[in-house]
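Below is one structure; the comments refer to it alone.
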Amino acid sequence: MRLFLVSVSIALAACHSVPSDWVSGTVYLVAVGSPSEVEMMRAEQILGLLTQRPVKRMPSRQLVPAEEHPHCPSKAPCYDAGEILDDLLRDPPTDTFRIVGVTEAPMSAAVARDSIAFARHHERALLYTTASFKQLNASSAHDRTRQILSHELGHTFGAEHCRGPCVMQPRLTEHATIRACPLHRKHMVEGLLQSIDSGSFLAAVGRERSRLGRWDEAIDAYRRALLRSPNVVEVETALAVALMARGRYLEARDVLDRASYYSPRSPLPFYARAGLYASQSAPARAAAHLESGVNRDPNASHAHRFAGVLYQDVLRDDDAAIYHYRLHLSVGGRDPEVLGRLAMLLAPTTLVFTEPEVVVVQYDNEAGLFWAHAGWGE
Ligand SMILES: [Zn+2]
Ligand SMILES: [Zn+2]
(Lines give C-alpha, C1' and ligand atoms only; values in the text may rest on other atoms or scores of the structure.)
(Ligands and ions follow the chains in the order given, each with its own letter.)
Protein backbone atom coordinates (compact mmCIF):
# COMPACT_ATOMS: atom_id res chain seq x y z
CA MET A 1 0.00 0.00 0.00
CA ARG A 2 2.87 2.32 0.69
CA LEU A 3 4.02 1.92 -2.90
CA PHE A 4 0.49 2.55 -4.05
CA LEU A 5 0.14 5.65 -1.91
CA VAL A 6 3.48 6.97 -3.13
CA SER A 7 2.46 6.53 -6.74
CA VAL A 8 -0.86 8.22 -6.08
CA SER A 9 0.81 11.07 -4.24
CA ILE A 10 3.24 11.52 -7.11
CA ALA A 11 0.36 11.59 -9.52
CA LEU A 12 -1.47 14.13 -7.39
CA ALA A 13 1.68 16.20 -7.00
CA ALA A 14 1.83 16.38 -10.78
CA CYS A 15 -1.48 18.19 -10.77
CA HIS A 16 0.14 21.27 -12.31
CA SER A 17 -0.49 19.57 -15.62
CA VAL A 18 -4.21 19.16 -15.01
CA PRO A 19 -6.55 22.02 -15.90
CA SER A 20 -6.81 24.92 -13.49
CA ASP A 21 -10.53 24.22 -13.00
CA TRP A 22 -9.74 20.91 -11.27
CA VAL A 23 -12.03 20.52 -8.26
CA SER A 24 -11.17 17.89 -5.69
CA GLY A 25 -14.54 17.57 -3.99
CA THR A 26 -15.06 16.23 -0.50
CA VAL A 27 -15.28 12.74 0.95
CA TYR A 28 -18.25 12.46 3.31
CA LEU A 29 -18.28 9.96 6.12
CA VAL A 30 -21.53 8.74 7.63
CA ALA A 31 -22.19 6.48 10.62
CA VAL A 32 -25.06 4.15 9.77
CA GLY A 33 -26.41 2.77 13.04
CA SER A 34 -23.84 2.87 15.81
CA PRO A 35 -20.33 1.99 14.64
CA SER A 36 -17.64 2.71 17.22
CA GLU A 37 -16.06 6.14 17.33
CA VAL A 38 -12.67 4.42 17.06
CA GLU A 39 -13.71 3.00 13.69
CA MET A 40 -15.06 6.34 12.50
CA MET A 41 -11.76 8.05 13.33
CA ARG A 42 -9.86 5.24 11.64
CA ALA A 43 -11.96 5.56 8.50
CA GLU A 44 -11.56 9.33 8.51
CA GLN A 45 -7.79 9.10 8.71
CA ILE A 46 -7.44 6.37 6.07
CA LEU A 47 -9.82 8.09 3.65
CA GLY A 48 -7.85 11.32 3.95
CA LEU A 49 -4.65 9.46 3.11
CA LEU A 50 -6.12 7.39 0.30
CA THR A 51 -8.03 10.13 -1.47
CA GLN A 52 -5.92 13.20 -0.57
CA ARG A 53 -9.15 15.08 -0.07
CA PRO A 54 -10.92 16.71 2.86
CA VAL A 55 -13.02 14.20 4.80
CA LYS A 56 -16.11 15.55 6.54
CA ARG A 57 -18.60 13.85 8.81
CA MET A 58 -22.28 13.94 8.03
CA PRO A 59 -25.03 13.35 10.60
CA SER A 60 -25.38 9.68 11.38
CA ARG A 61 -28.26 7.72 9.87
CA GLN A 62 -30.63 5.20 11.31
CA LEU A 63 -30.45 1.65 10.19
CA VAL A 64 -33.60 0.76 8.36
CA PRO A 65 -35.42 -1.92 10.36
CA ALA A 66 -34.00 -5.36 9.82
CA GLU A 67 -36.02 -7.31 7.37
CA GLU A 68 -35.75 -10.69 5.86
CA HIS A 69 -34.34 -10.39 2.39
CA PRO A 70 -34.24 -13.27 -0.03
CA HIS A 71 -30.46 -13.12 0.16
CA CYS A 72 -30.14 -12.83 3.93
CA PRO A 73 -28.20 -15.46 5.84
CA SER A 74 -30.91 -17.60 7.35
CA LYS A 75 -30.72 -16.94 11.08
CA ALA A 76 -29.49 -13.53 12.14
CA PRO A 77 -31.37 -10.45 11.00
CA CYS A 78 -29.38 -8.51 8.47
CA TYR A 79 -29.59 -5.28 6.59
CA ASP A 80 -29.73 -4.80 2.87
CA ALA A 81 -26.47 -3.27 1.68
CA GLY A 82 -28.01 -2.00 -1.55
CA GLU A 83 -30.76 -0.15 0.31
CA ILE A 84 -28.29 1.45 2.69
CA LEU A 85 -26.13 2.49 -0.25
CA ASP A 86 -29.11 4.13 -1.96
CA ASP A 87 -30.00 5.88 1.26
CA LEU A 88 -26.48 7.32 1.46
CA LEU A 89 -27.05 8.77 -2.00
CA ARG A 90 -30.40 10.34 -1.13
CA ASP A 91 -29.29 13.99 -1.05
CA PRO A 92 -25.53 14.15 -1.45
CA PRO A 93 -23.88 17.57 -0.98
CA THR A 94 -23.00 19.17 -4.32
CA ASP A 95 -19.26 18.83 -3.73
CA THR A 96 -19.42 15.07 -3.05
CA PHE A 97 -16.51 13.05 -4.34
CA ARG A 98 -17.50 9.93 -2.40
CA ILE A 99 -19.87 9.13 0.48
CA VAL A 100 -18.66 6.43 2.80
CA GLY A 101 -21.03 4.65 5.17
CA VAL A 102 -19.73 2.75 8.18
CA THR A 103 -21.93 0.37 10.12
CA GLU A 104 -21.52 -2.30 12.75
CA ALA A 105 -24.58 -4.22 11.58
CA PRO A 106 -24.47 -7.47 9.61
CA MET A 107 -25.52 -6.89 6.05
CA SER A 108 -26.15 -8.76 2.87
CA ALA A 109 -26.24 -7.87 -0.78
CA ALA A 110 -27.91 -9.54 -3.72
CA VAL A 111 -24.49 -10.65 -4.93
CA ALA A 112 -23.17 -11.98 -1.63
CA ARG A 113 -24.55 -13.05 1.71
CA ASP A 114 -22.77 -11.77 4.74
CA SER A 115 -21.22 -8.92 2.84
CA ILE A 116 -18.40 -7.02 4.45
CA ALA A 117 -18.59 -4.13 2.06
CA PHE A 118 -20.50 -2.94 -0.92
CA ALA A 119 -20.21 -0.34 -3.69
CA ARG A 120 -21.59 0.02 -7.18
CA HIS A 121 -19.39 0.67 -10.19
CA HIS A 122 -19.01 4.37 -11.03
CA GLU A 123 -21.32 5.47 -8.25
CA ARG A 124 -20.24 7.66 -5.38
CA ALA A 125 -21.34 5.66 -2.33
CA LEU A 126 -19.49 2.88 -0.57
CA LEU A 127 -20.29 1.04 2.61
CA TYR A 128 -18.69 -1.42 4.97
CA THR A 129 -19.50 -3.15 8.20
CA THR A 130 -17.28 -3.85 11.18
CA ALA A 131 -19.32 -6.95 12.02
CA SER A 132 -16.30 -9.14 11.27
CA PHE A 133 -13.83 -6.98 13.22
CA LYS A 134 -14.55 -8.30 16.69
CA GLN A 135 -11.47 -10.47 17.13
CA LEU A 136 -9.06 -8.03 15.56
CA ASN A 137 -6.49 -6.01 17.46
CA ALA A 138 -6.04 -2.33 16.58
CA SER A 139 -3.32 -2.88 14.02
CA SER A 140 -5.21 -5.64 12.17
CA ALA A 141 -8.39 -3.60 12.24
CA HIS A 142 -6.50 -0.71 10.72
CA ASP A 143 -5.18 -2.96 7.93
CA ARG A 144 -8.64 -4.37 7.29
CA THR A 145 -10.29 -0.96 7.08
CA ARG A 146 -7.55 0.18 4.71
CA GLN A 147 -8.00 -2.93 2.55
CA ILE A 148 -11.76 -2.59 2.44
CA LEU A 149 -11.74 1.11 1.66
CA SER A 150 -9.14 0.73 -1.10
CA HIS A 151 -11.07 -2.20 -2.58
CA GLU A 152 -14.45 -0.47 -2.53
CA LEU A 153 -13.02 2.81 -3.82
CA GLY A 154 -11.62 0.69 -6.66
CA HIS A 155 -15.12 -0.55 -7.45
CA THR A 156 -16.46 3.00 -7.48
CA PHE A 157 -13.74 3.80 -10.02
CA GLY A 158 -15.03 0.96 -12.17
CA ALA A 159 -12.51 -1.75 -11.18
CA GLU A 160 -13.63 -5.37 -11.37
CA HIS A 161 -12.33 -8.15 -9.18
CA CYS A 162 -8.83 -9.43 -9.83
CA ARG A 163 -7.26 -12.87 -9.71
CA GLY A 164 -3.77 -11.73 -8.95
CA PRO A 165 -2.26 -10.63 -5.70
CA CYS A 166 -4.10 -7.34 -5.73
CA VAL A 167 -6.27 -5.24 -3.48
CA MET A 168 -9.15 -6.00 -5.90
CA GLN A 169 -9.05 -9.74 -5.20
CA PRO A 170 -12.56 -10.79 -4.20
CA ARG A 171 -11.90 -12.49 -0.87
CA LEU A 172 -10.70 -10.70 2.17
CA THR A 173 -8.16 -12.87 3.96
CA GLU A 174 -5.85 -12.14 6.81
CA HIS A 175 -2.90 -11.91 4.46
CA ALA A 176 -4.68 -10.20 1.62
CA THR A 177 -2.42 -7.81 -0.15
CA ILE A 178 -2.97 -4.11 0.11
CA ARG A 179 -1.18 -3.36 -3.12
CA ALA A 180 -2.82 -2.98 -6.49
CA CYS A 181 -1.69 -4.86 -9.59
CA PRO A 182 -0.51 -2.64 -12.48
CA LEU A 183 -3.95 -2.59 -14.13
CA HIS A 184 -5.76 -1.67 -10.94
CA ARG A 185 -3.13 0.80 -9.84
CA LYS A 186 -3.91 2.64 -13.05
CA HIS A 187 -7.63 2.45 -12.23
CA MET A 188 -6.99 3.85 -8.76
CA VAL A 189 -4.74 6.66 -9.89
CA GLU A 190 -7.15 7.75 -12.62
CA GLY A 191 -10.10 7.50 -10.26
CA LEU A 192 -8.39 9.55 -7.59
CA LEU A 193 -7.30 12.17 -10.11
CA GLN A 194 -10.86 12.88 -11.22
CA SER A 195 -12.12 16.42 -10.84
CA ILE A 196 -15.72 16.48 -9.68
CA ASP A 197 -16.27 19.14 -12.32
CA SER A 198 -15.06 17.03 -15.24
CA GLY A 199 -17.31 15.73 -18.00
CA SER A 200 -16.69 12.09 -17.15
CA PHE A 201 -17.36 12.57 -13.42
CA LEU A 202 -20.59 14.48 -14.10
CA ALA A 203 -21.70 11.85 -16.61
CA ALA A 204 -21.21 9.18 -13.93
CA VAL A 205 -23.24 11.32 -11.52
CA GLY A 206 -25.96 11.47 -14.17
CA ARG A 207 -26.03 7.68 -14.45
CA GLU A 208 -26.14 7.35 -10.67
CA ARG A 209 -29.07 9.78 -10.41
CA SER A 210 -30.84 8.01 -13.31
CA ARG A 211 -30.55 4.64 -11.60
CA LEU A 212 -32.14 6.16 -8.52
CA GLY A 213 -34.96 7.62 -10.62
CA ARG A 214 -33.88 11.17 -9.76
CA TRP A 215 -34.43 12.29 -13.32
CA ASP A 216 -34.20 16.05 -12.87
CA GLU A 217 -30.86 15.71 -11.09
CA ALA A 218 -29.71 13.33 -13.81
CA ILE A 219 -30.71 15.80 -16.53
CA ASP A 220 -28.81 18.57 -14.74
CA ALA A 221 -25.68 16.41 -14.35
CA TYR A 222 -25.75 15.25 -17.99
CA ARG A 223 -26.22 18.81 -19.24
CA ARG A 224 -23.26 20.00 -17.18
CA ALA A 225 -21.21 17.02 -18.39
CA LEU A 226 -21.95 18.00 -22.00
CA LEU A 227 -20.92 21.60 -21.33
CA ARG A 228 -17.51 20.31 -20.18
CA SER A 229 -17.18 17.61 -22.87
CA PRO A 230 -19.57 18.26 -25.77
CA ASN A 231 -20.76 15.69 -28.31
CA VAL A 232 -20.25 12.54 -26.26
CA VAL A 233 -22.92 10.37 -27.82
CA GLU A 234 -23.32 8.06 -24.78
CA VAL A 235 -24.00 11.06 -22.55
CA GLU A 236 -26.32 12.70 -25.08
CA THR A 237 -28.33 9.48 -25.37
CA ALA A 238 -28.49 9.09 -21.61
CA LEU A 239 -29.68 12.70 -21.33
CA ALA A 240 -32.40 12.01 -23.90
CA VAL A 241 -33.55 8.93 -21.99
CA ALA A 242 -33.76 10.97 -18.78
CA LEU A 243 -35.74 13.68 -20.61
CA MET A 244 -38.11 11.02 -21.94
CA ALA A 245 -38.57 9.68 -18.43
CA ARG A 246 -39.82 13.15 -17.48
CA GLY A 247 -42.10 13.29 -20.52
CA ARG A 248 -39.98 15.97 -22.24
CA TYR A 249 -40.10 14.28 -25.65
CA LEU A 250 -39.43 17.31 -27.85
CA GLU A 251 -36.27 18.18 -25.97
CA ALA A 252 -35.23 14.53 -26.07
CA ARG A 253 -35.66 14.45 -29.82
CA ASP A 254 -33.59 17.58 -30.26
CA VAL A 255 -30.80 16.08 -28.19
CA LEU A 256 -30.91 12.85 -30.20
CA ASP A 257 -30.94 14.65 -33.55
CA ARG A 258 -27.91 16.62 -32.50
CA ALA A 259 -26.21 13.43 -31.29
CA SER A 260 -26.81 11.72 -34.65
CA TYR A 261 -25.52 14.79 -36.47
CA TYR A 262 -22.19 14.69 -34.65
CA SER A 263 -21.96 10.89 -34.31
CA PRO A 264 -23.73 9.57 -37.42
CA ARG A 265 -22.29 6.06 -37.05
CA SER A 266 -23.50 5.53 -33.49
CA PRO A 267 -26.51 3.22 -33.00
CA LEU A 268 -27.36 4.71 -29.60
CA PRO A 269 -29.50 7.70 -30.66
CA PHE A 270 -31.42 5.39 -33.01
CA TYR A 271 -32.16 2.94 -30.20
CA ALA A 272 -33.30 5.81 -28.00
CA ARG A 273 -35.53 7.17 -30.78
CA ALA A 274 -36.98 3.68 -31.21
CA GLY A 275 -37.91 3.81 -27.53
CA LEU A 276 -39.27 7.31 -27.92
CA TYR A 277 -41.56 6.43 -30.82
CA ALA A 278 -42.60 3.17 -29.20
CA SER A 279 -43.72 5.10 -26.13
CA GLN A 280 -45.69 7.44 -28.39
CA SER A 281 -47.55 4.59 -30.07
CA ALA A 282 -45.75 5.01 -33.38
CA PRO A 283 -44.53 1.43 -33.89
CA ALA A 284 -43.63 1.82 -37.57
CA ARG A 285 -41.31 4.75 -36.86
CA ALA A 286 -39.95 2.95 -33.82
CA ALA A 287 -39.15 -0.11 -35.93
CA ALA A 288 -37.45 2.01 -38.61
CA HIS A 289 -35.15 3.60 -36.04
CA LEU A 290 -34.52 0.28 -34.37
CA GLU A 291 -33.39 -1.24 -37.68
CA SER A 292 -31.17 1.80 -38.35
CA GLY A 293 -29.60 1.27 -34.95
CA VAL A 294 -28.99 -2.43 -35.56
CA ASN A 295 -27.38 -1.67 -38.92
CA ARG A 296 -24.93 0.69 -37.24
CA ASP A 297 -24.18 -1.51 -34.24
CA PRO A 298 -20.68 -3.02 -34.33
CA ASN A 299 -21.83 -5.72 -31.89
CA ALA A 300 -24.26 -7.66 -34.09
CA SER A 301 -25.03 -10.35 -31.54
CA HIS A 302 -25.97 -7.78 -28.91
CA ALA A 303 -27.87 -5.68 -31.45
CA HIS A 304 -30.10 -8.54 -32.60
CA ARG A 305 -30.76 -9.62 -29.04
CA PHE A 306 -31.78 -6.08 -28.12
CA ALA A 307 -33.92 -5.66 -31.24
CA GLY A 308 -35.64 -9.00 -30.67
CA VAL A 309 -36.55 -8.17 -27.10
CA LEU A 310 -37.83 -4.73 -28.07
CA TYR A 311 -39.94 -6.18 -30.87
CA GLN A 312 -41.32 -8.89 -28.63
CA ASP A 313 -41.94 -6.94 -25.43
CA VAL A 314 -42.64 -3.40 -26.60
CA LEU A 315 -43.65 -3.42 -30.23
CA ARG A 316 -45.58 -6.71 -29.93
CA ASP A 317 -44.24 -8.01 -33.22
CA ASP A 318 -43.32 -11.66 -32.65
CA ASP A 319 -42.33 -12.30 -36.28
CA ALA A 320 -39.79 -9.49 -36.23
CA ALA A 321 -38.58 -10.74 -32.85
CA ILE A 322 -38.05 -14.25 -34.21
CA TYR A 323 -36.21 -12.79 -37.20
CA HIS A 324 -33.76 -10.96 -34.92
CA TYR A 325 -33.33 -13.85 -32.50
CA ARG A 326 -32.39 -16.07 -35.46
CA LEU A 327 -29.88 -13.46 -36.62
CA HIS A 328 -28.48 -13.40 -33.08
CA LEU A 329 -27.82 -17.13 -33.44
CA SER A 330 -26.47 -16.85 -36.97
CA VAL A 331 -23.77 -14.36 -35.92
CA GLY A 332 -22.68 -16.69 -33.11
CA GLY A 333 -24.79 -15.37 -30.23
CA ARG A 334 -25.92 -17.97 -27.68
CA ASP A 335 -27.59 -15.79 -25.09
CA PRO A 336 -29.68 -18.10 -22.89
CA GLU A 337 -32.52 -15.60 -22.74
CA VAL A 338 -32.64 -15.38 -26.52
CA LEU A 339 -32.67 -19.17 -26.80
CA GLY A 340 -35.43 -19.42 -24.26
CA ARG A 341 -37.53 -16.73 -25.89
CA LEU A 342 -37.02 -18.20 -29.36
CA ALA A 343 -37.93 -21.67 -28.20
CA MET A 344 -41.08 -20.29 -26.56
CA LEU A 345 -42.04 -18.35 -29.67
CA LEU A 346 -41.44 -21.27 -32.03
CA ALA A 347 -42.71 -24.20 -30.02
CA PRO A 348 -43.26 -23.93 -26.28
CA THR A 349 -42.94 -27.68 -25.81
CA THR A 350 -39.24 -27.64 -26.60
CA LEU A 351 -38.46 -25.73 -23.42
CA VAL A 352 -37.23 -28.11 -20.76
CA PHE A 353 -36.56 -27.10 -17.17
CA THR A 354 -34.25 -29.28 -15.18
CA GLU A 355 -34.39 -28.20 -11.57
CA PRO A 356 -32.58 -26.95 -9.71
CA GLU A 357 -29.37 -25.94 -11.46
CA VAL A 358 -29.87 -25.79 -15.16
CA VAL A 359 -32.28 -24.60 -17.77
CA VAL A 360 -31.85 -26.61 -20.92
CA VAL A 361 -33.27 -25.33 -24.13
CA GLN A 362 -33.56 -27.62 -27.09
CA TYR A 363 -33.95 -25.69 -30.25
CA ASP A 364 -34.27 -27.65 -33.42
CA ASN A 365 -33.77 -25.58 -36.52
CA GLU A 366 -31.91 -26.38 -39.72
CA ALA A 367 -28.88 -25.19 -37.80
CA GLY A 368 -29.27 -28.00 -35.30
CA LEU A 369 -29.67 -28.35 -31.61
CA PHE A 370 -28.75 -25.75 -29.05
CA TRP A 371 -28.28 -26.19 -25.37
CA ALA A 372 -28.32 -23.23 -23.07
CA HIS A 373 -27.26 -23.49 -19.50
CA ALA A 374 -28.60 -20.64 -17.44
CA GLY A 375 -26.88 -21.63 -14.26
CA TRP A 376 -28.15 -20.18 -11.05
CA GLY A 377 -26.25 -23.04 -9.42
CA GLU A 378 -22.80 -21.87 -10.48
ZN1 LIG B 1 -15.31 -6.45 -4.37
ZN1 LIG C 1 -5.73 -6.26 -9.85
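The values are calculated or read from the model by the stated rules, or taken from the named source; none is laboratory data. For clarity, every value in this text was computed on a predicted model and none was experimentally measured. Cβ placement follows ideal geometry from the backbone for every residue including glycine, while neighbour counts extend to all protein chains displayed.
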Restricted to region 145-182 and to residues being within 23 Å of residue 26 (Cα to Cα) and charged (D, E, K, R), the residue nearest to ligand 2 (Cβ to nearest atom) is 152
When both residues are 6+ apart or on different chains and their Cβ atoms are under 8 Å apart, which pairs have a first residue that lies in region 324-339 and is over 10 Å from residue 304 (Cα atoms), and a second that is surrounded by 15 or more Cβ atoms within 10 Å (Cβ to Cβ) and of a type in the set (D, E, K, R)?
-> 335/305; 337/305
Would you say residue 286 is in contact with a Leu (Cβ under 8 Å, 6 or more places away or on another chain) and closer than 18 Å to residue 270 by Cβ?
-> yes
Checked region 114-154 for anything assigned to a helix (DSSP H, G or I), within 15 Å of ligand 1 (Cβ to nearest atom) and aliphatic (A, V, I, L, M); matches are 148, 149, 153
Looking only at residues in region 48-95 that are of a type in the set (Val, Ile, Thr) and assigned to a loop (DSSP other than H, G, I, E, B), which one is modelled with the lowest pLDDT?
-> 64
May I ask you to list the residues in region 168-203 that are more than 16 Å from ligand 1 (Cβ to nearest atom), closer than 20 Å to residue 98 by Cβ and touching a Ser or Thr at 6+ places or on another chain (Cβ under 9 Å)?
-> 185, 189, 192, 194, 195, 196, 198, 199, 200, 201, 202, 203
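Can you give me the ranges of the helices (runs of 4 or more DSSP H) entirely in region 190-288 with at least 2 residues that are closer than 27 Å to residue 52 by Cα?
Details: elements: 199-211, 215-228, 233-245, 249-262, 268-279.
Passing ranges, in order: 199-211, 215-228.
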Collect the residues in region 87-143 that are in contact (Cβ under 8 Å) with a residue 60 or more places away in the chain and of a type in the set (Asp, Glu), keeping them in residue-number order.
-> 95, 104, 123
Boolean, residue 321 is surrounded by fewer than 17 Cβ atoms within 10 Å (Cβ to Cβ) and at pLDDT 50 or above | no
What number of residues in region 191-212 are of a type in the set (S, T, N, Q) and over 15 Å from the mean Cα position of the chain (by Cα)?
-> 3
